[in-house]
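Only one structure is covered here, and it is reproduced in the block below.
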Amino acid sequence: MESVEICSMNCKSKCCKSTQPALTSNDFDRINATHQSKHWFYSIKKEENATKVISKKEGQNNCFFLSEEGLCNIYDLRPLDCELFPIFFKIEKIDKNEYSLRWLVWYCPLTEALGIDPLIENARKKIEEILEKDSEQLFEYQDAMYVSQGYKRKHFLYEERLKIRRR
Ligand code: SF4
Ligand code: SF4
């Protein structure tokens, strides 16, 4: 889903100035493959084995990868957390092939412009893709969301409970 224009026009990347993006190991490997600088590496806040978030720039509230112009320097490689934003999810394994998802929504100009349903549809597709390949990524995301305090920010529970089946 293309959201750059709506985002940059309406709020000048407010989310990138207020949160620390959660990282899965897949996010880390993808970004690190093209940004192998010590600055990027030292910007990682790491807790336990696979729980990482991108730290803010020193002395600022901005994400390390937010440019002076308010654009993301790694947009095509951005973490899953940023790709789904302003949708969040919590995941629970029900059995071998079944998971339940609870959606959370952070209201912002993008939510208002597009509505919640297409954003959730986009998130569901992405999650289904990941579940087919590597479900652990989603649990890493969830752990890192607690570290980044992403779940504690002001957002609202989307009252639909969804189950996803691995194909
Ligand atoms: S996702 Fe929302 S908060 Fe973030 S830049 Fe876009 S409109 Fe702003
Ligand atoms: S990685 Fe990019 S999209 Fe994500 S918070 Fe940082 S600047 Fe924003």
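Taking 35 Å as R0, compute the FRET efficiency from the Cβ-Cβ separation of V105 and N73 and round it to 0.05.
0.85
Which distance in nm do the two modelled labels at K38 and E121 give, with both placed 7 Å along the Cα-to-Cβ direction?
The two pseudo-label positions are separated by 4.9 nm.
Express in nm, to one decimal, how much length is gained between S25 and N62 on full extension, taking 0.36 nm for each residue of separation and deducting their alpha carbon distance. Can you show the working numbers first?
Details: separation 37, 0.36 × 37 = 13.32 nm, distance 2.19 nm.
In short, 11.1 nm is gained.
Order the peptides 126-135, 17-26 from the highest to the lowest mean number of other Cβ atoms within 10 Å of their residues.
Working: 126-135: 14.8, 17-26: 20.9.
The densest-packed peptide leads the list: 17-26, 126-135.
Find the relative contact order for region 10-165 and round it to a whole percent, using C-alpha pairs within less than 8 Å whose residues are 6+ positions apart. Before the final figure, lay out each step's value.
On the way: 221 pairs, mean separation 46.2, N = 156.
Taking the mean separation of contacting Cα pairs over the length of region 10-165, I get 30 percent.
Going by average Cβ density within 10 Å per residue, which order do the peptides 101-112, 34-45, 77-88 take, highest to lowest? Numbers along the way, then the final one.
Numbers: 101-112: 16.2, 34-45: 12.5, 77-88: 21.2.
Result, highest mean first: 77-88, 101-112, 34-45.
So, for region 10-165, what is the accessible surface per residue at a probe of 1.4 Å, expressed in square angstrom? Show your work: numbers first, answer last.
Values: 8770 Å² over 156 residues.
Result: 56 Å² per residue.
Please give the length that would be gained between E98 and E128 if that part of the chain were fully extended, namely 0.36 nm times their separation in residues minus their C-alpha to C-alpha distance (nm, one decimal). Spell out each step's value before the answer.
On the way: separation 30, 0.36 × 30 = 10.80 nm, distance 1.10 nm.
Contour length minus Cα-Cα distance gives 9.7 nm.
For region 87-104, take each phi angle, set θ = phi - 60°, evaluate the Karplus expression 6.51 cos²θ - 1.76 cosθ + 1.60, and give the result in whole Hz per residue in order, putting x for glycine and proline.
9, 10, 8, 10, 10, 9, 7, 8, 7, 3, 10, 9, 10, 10, 10, 10, 8, 10
The values are calculated or read from the model by the stated rules, or taken from the named source; none is laboratory data. Just so you know, these numbers come straight off a predicted model, no measurement behind them. Because the Cβ atoms are built from the backbone with ideal geometry, glycine has one as well, and the counts that use them run over all protein chains shown. Side chains included, ligands, DNA and RNA excluded: accessible areas come from the protein's heavy atoms. Shrake-Rupley method; radii C 1.70, N 1.55, O 1.52, S 1.80 Å.
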